[in-house]
6 protein chains.
Amino acid sequence: MKKAKSRDYSRRFERGMRVLKRMGRQNLMLNQNALSPEMYEMSVGHLFGDVWGRPGLSLRDRQLVTLAANIAMARPTGNHSHYLSAMRLGITKRQIIEVMIQVGHYCGWPTLSNAVRQFTDILEEEKERKKAQRAGKPFRSRLL
Amino acid sequence: MKKAKSRDYSRRFERGMRVLKRMGRQNLMLNQNALSPEMYEMSVGHLFGDVWGRPGLSLRDRQLVTLAANIAMARPTGNHSHYLSAMRLGITKRQIIEVMIQVGHYCGWPTLSNAVRQFTDILEEEKERKKAQRAGKPFRSRLL
Amino acid sequence: MKKAKSRDYSRRFERGMRVLKRMGRQNLMLNQNALSPEMYEMSVGHLFGDVWGRPGLSLRDRQLVTLAANIAMARPTGNHSHYLSAMRLGITKRQIIEVMIQVGHYCGWPTLSNAVRQFTDILEEEKERKKAQRAGKPFRSRLL
Amino acid sequence: MKKAKSRDYSRRFERGMRVLKRMGRQNLMLNQNALSPEMYEMSVGHLFGDVWGRPGLSLRDRQLVTLAANIAMARPTGNHSHYLSAMRLGITKRQIIEVMIQVGHYCGWPTLSNAVRQFTDILEEEKERKKAQRAGKPFRSRLL
Amino acid sequence: MKKAKSRDYSRRFERGMRVLKRMGRQNLMLNQNALSPEMYEMSVGHLFGDVWGRPGLSLRDRQLVTLAANIAMARPTGNHSHYLSAMRLGITKRQIIEVMIQVGHYCGWPTLSNAVRQFTDILEEEKERKKAQRAGKPFRSRLL
Amino acid sequence: MKKAKSRDYSRRFERGMRVLKRMGRQNLMLNQNALSPEMYEMSVGHLFGDVWGRPGLSLRDRQLVTLAANIAMARPTGNHSHYLSAMRLGITKRQIIEVMIQVGHYCGWPTLSNAVRQFTDILEEEKERKKAQRAGKPFRSRLL
């Protein structure tokens, strides 16, 4: 059983990595890997392989739902990357703004203004990152 | 100014009522009207007329986003009606289940199980309501 | 030391009961007493005696602040009684409605509608309670 | 792969059911099964088989942690059953009361009083259930 | 209708700006304007013009209520500015401290200590800002 | 009475300081002291002296419960220090990781990843602190 399990778990992991790549998120959650490889495996394999990879709702809709839930909770970290993957999955900047307005009315104006701040910060940082990339310089995100 | 304002506010209200009707929500929030007509006017006119009625995101997507934010917050009331309007706007039962699973992973398993309970309860009540309707009997929701 | 402490703690308790009486809350939290007398003593002595009884902010302002924080959190229980003590401390029905609108914009429309529901329910129950009282019948709250 | 996966998933499910039985929770989450068998499988297999079943923290400590997190969130449903499984796993009534006091100071007094209410309600219901059992009558929980 | 509406909306905006000026908040939310002028218009016109500008509760009481709700939610951003506008509206430092203690008991000690940190930080920054102002140097807030 | 009270309160304070020292937390909450000595006295005397110092649950279990509640709430500040005191009280790094995984499933994956970030940051900072200490240099925490 152990063997069958680990074989299957590595497949979950592969499925998860495929989803992460489609979303441009393959280089995230590495601090989980550094702290606990099993935790990282669970995040990639279960959360991305088994949950995000489920049929029944498009990846774009899952991203919309996740963005809404995260803006709602207004946690200090964890949402910056979702603005980037949202745009990668075809959700426009205008639509992201409308999500903020919609969630802001269901979870409070400070969730809207916190989201504006986070979205503005990550768009700024993306500019810096691209500039560093063009100059061939290394770049380390302060937000992701 | 006062007059112009109230004229415009009644138009906001009309816009809001049109959105509410498309969503099958025109008979909700009446306890707000009983407690404070101005509060009700603000809910219809601002929340539904000016926010839900905005362009830039489809009504279906706004509903998906609202469902996600409300499942995330797991508040004791206020979400039952959104399962009904979601189905009215073409979000399938399967998609609602996937929203629960997705949000459950971003906001905790109890938000998933609370949503299952609420969705199951409202589907039950809808059956009762239709039965009462066929029998020509009055029906008062315990959930909405 | 033990003795001095228990003497002082009973004074805290007395101070707390005096505050509770001014607020009309002296018959609440009895299920805490049934489960754990020490927990009840801490609620009366510390929360009401040492916190609500502090100078520096009027009892009316403490109630306004508490009402706002509780409406914000939208927990399933614990807020019904605060609408009653608020009115006892001179906060008008109109002011309570304005608190709901204000908090609703900072914590989301469902916190407003949940508060409307709770306030409406407790006002209903108060009518029932008074009716039972006039008829000399016992009355047991379902909400407090 | 599909086959290997489903084989392994049924083992996850078995592992999960074993954990659930040790906790006396094997008859819960059945409304998930009624709504979506896949969701139920994920709850049993992933949450109980793969998470609760992990080494590194005792079942008793996982229950303590879960009780604390759930009391903290004060969601309307989902916590009643954890008081029962906590007692099953050897956490005493006194310790549960201390968890309430501890969490109440980190998440607010209403989380304490909400927990007292839920714990009192489930202890009441357990008495009813045992009485019904002795009388050979069916019993349906209103809380679980 | 369009015309009447936009006319009225600019009046809402003017009303909102008047409230913002009384509170010393007229230079805030500019990142909303940069991202989406319509969002900014809604924040100024609806939140400040139509909500904060309502009769029925004094501006000081609305600020007290908002401070309480925001301390309760302990969101990462959005509250620093409210300590400043509170003092501008006549709420004393001592009263702000009492609000923290009161909310801390209803929403958890970490909401108190988070508020202490935010209040201390903004008071520090105000000193820096005044110093820069006296020296005729530009100053950009890291907190607002 | 006044005198008896202040005598007892200083004993509460002493009890609280003893608990804080066992947890290695005696140099925290000093910004509370700077802002309001009475608030600091309440934090030390009530929270640590009267709550953490209670019998009925071991200090290690209170820490586990507090860690869980704080990870659950994902507030921007206030949790970094609890990872340190947890390790001081004998909770291992592995157990802390398991608490994160457990809470992450009850309160959402972003609470897990926020906790990973905070735990990683404080472990980094501890290394810096020790390095500074060895070099005889002063060190000021950015996190505590």
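The values are calculated or read from the model by the stated rules, or taken from the named source; none is laboratory data. If you're wondering where the values come from, they're calculated on a predicted model, not measured in any experiment. As a convention, Cβ positions derive from the backbone with ideal geometry for all residues, glycine included, and neighbour counts pool all protein chains shown. In case anyone asks, the SASA skips ligands and DNA or RNA and just uses the protein heavy atoms, side chains included. Shrake-Rupley method; radii C 1.70, N 1.55, O 1.52, S 1.80 Å.
Sorted from shortest to longest, the distances between the C:R142 label points of this copy and the other copies are 0.8, 0.8, 5.5, 5.5, 5.6 nm, with each point 7 Å from Cα along the line through the beta carbon.
Starting from the Cα gyration tensor of segment B:75-121, take the square roots of the eigenvalues, sort them a ≥ b ≥ c, and report rounded, prolate or oblate (rounded when a/c is under 1.5, otherwise prolate if a/b is larger than b/c, else oblate). Taking the square roots of the gyration eigenvalues as a ≥ b ≥ c, segment B:75-121 is oblate. Within the shell defined by Cβ-Cβ distances under 12 Å, the residues around C:E38 carry a net charge of -1, with Lys and Arg each +1 and Asp and Glu each -1. I need the shape label for chain D. Rule: rounded when a/c is under 1.5, else prolate if a/b > b/c, else oblate, with a, b, c from the alpha carbon gyration tensor. It comes out oblate by the Cα gyration axes.
With the whole protein complex present, F:M29 retains an accessible surface near 40 Å², based on a 1.4 Å probe. Relative to the dominant Cα principal axis of chain B, helix B:93-107 is inclined by about 90°.
Buried surface for the C/E pair, taken as the accessible area of each chain alone minus that of the pair with a 1.4 Å probe, is close to 2800 Å² in total.
For the protein assembly as shown, just say rounded, prolate or oblate: build the C-alpha gyration tensor, square-root its eigenvalues into a ≥ b ≥ c, call rounded for a/c under 1.5, and beyond that prolate if a/b exceeds b/c, oblate if not. Rounded, because the longest to shortest axis ratio a/c is under 1.5. Placing D:S85, B:S58 in order of accessible area, with the largest value first and a 1.4 Å probe, yields B:S58, D:S85.
Surface analysis of segment C:4-67 yields an accessible area of 38 Å² per residue, using protein heavy atoms and a 1.4 Å probe.
Rolling a 1.4 Å probe across all protein chains gives C:C107 an accessible area of roughly 0 Å².
Computed over chain A, the per-residue total of -39500 (n - 2.57) for DSSP H runs of n ≥ 4 gives a 222 nm mean residue ellipticity of -22000 deg cm²/dmol, rounded to 500.
Distances between copies at B:Q26, taken between label points 7 Å from Cα along the C-beta direction, are 4.5, 5.3, 5.3, 5.3, 7.2 nm in increasing order. The mean count of C-beta atoms from other chains within 10 Å of the C-beta of residues in B:51-64, rounded to a whole number, is 5. Projecting 7 Å from Cα along the Cα-to-Cβ direction, the label point of A:K93 sits 4.3, 4.3, 4.3, 5.0, 6.3 nm from its equivalents in the other copies, listed shortest first. Pairs of Cα atoms nearer than 8 Å and 6+ residues apart set the relative contact order; for chain F it is 21 percent. The mean number of Cβ atoms from other chains found within 10 Å of a Cβ in peptide E:118-130 is 1, as a whole number. Centre-to-centre separation between the Cα atoms of segment F:78-108 and those of segment D:29-52: 26 Å. Per-residue accessible area (protein heavy atoms, 1.4 Å probe) orders B:K93, D:K131 as D:K131, B:K93, starting from the largest. Backbone phi angles across segment B:113-124, fed through the Karplus curve with coefficients 6.51, -1.76 and 1.60 (θ = phi - 60°), yield HN-Hα couplings of 6, 5, 5, 4, 4, 5, 5, 4, 4, 6, 5, 4 Hz in residue order; Gly and Pro are listed as x.
First compute the accessible area of segment D:25-127 with a 1.4 Å probe, then give the percent of it belonging to carbon and sulfur atoms. Answer for segment D:25-127 is 51 percent, counting heavy atoms of protein chains only. Using Cα atoms only, what is the angle between the long axis of helix C:2-22 and the major principal axis of chain C, expressed in degrees (0 to 90) to the nearest 10? Compared with the principal axis, the helix lies near 30 degrees.
Just counting partner chain Cβ atoms within 10 Å, what average do the residues of peptide E:85-94 show around their Cβ? Let's see the in-between values first.
On the way: counts 0, 0, 0, 0, 0, 0, 2, 2, 2, 4.
Average neighbour count from other chains, rounded to a whole number: 1.
Straightening the chain between E:R88 and E:R142 buys 17.4 nm, computed as 0.36 nm per residue apart minus the Cα-Cα spacing. Helix B:59-73 and the long axis of chain B differ in direction by around 60°, with both axes built from C-alpha atoms.
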